[in-house]
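S.K.: The following block contains the structure, expressed as structure tokens.
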Amino acid sequence: MIAAQTRLHAMRESAFAAAARAIDAHVRQTPTQAVREFRGLTQADLAKRSGVSLATIVALENGQSPDPLLLGSVSAALEVPTSLLQRGAAVPEAPTERSLDEPRNA
């Protein structure tokens, strides 16, 4: 059970890091647009999944500052933390693999 939870956590971390890299790769796009495209969603798909109007998604992707509750709905639909959709979000480093024989750094 714990191993399955650890793998799930690692997959989420990897998805988070991949989404963050997608944002960096598309600096001329808003974070919302970059993650939406990374997820392979249309604006209409995102609107439906997040429960907001298409016009709201378009406004977000045109740089309009979102209401925090709205941003929460959109981030939940995109399966990323709200902080990732804000401009200037820090990109997490990808976890590194190490041998079980290597000593841990405290």
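The values are calculated or read from the model by the stated rules, or taken from the named source; none is laboratory data. None of these values were measured; they are calculated from a predicted model. We place every Cβ from the backbone using ideal geometry, glycine too, and count neighbours over all the protein chains shown.
S.K.: Please determine, by comparing only the residues of the stretch 74-106 that are of a type in the set (S, T, Y) and within 17 Å of E37 (Cα to Cα), which one is modelled with the lowest pLDDT.
M.R.: Looking at residues that are of a type in the set (S, T, Y) and within 17 Å of E37 (Cα to Cα), I get T82.
The rows are residues; the columns are (1) surrounded by 13 or more Cβ atoms within 10 Å (Cβ to Cβ); (2) under 20 Å from L71 (Cβ atoms); (3) modelled with pLDDT under 85.
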position	(1), (2), (3)
A10	no, no, yes
A19	yes, yes, yes
H26	yes, yes, yes
T30	yes, yes, yes
G40	no, no, no
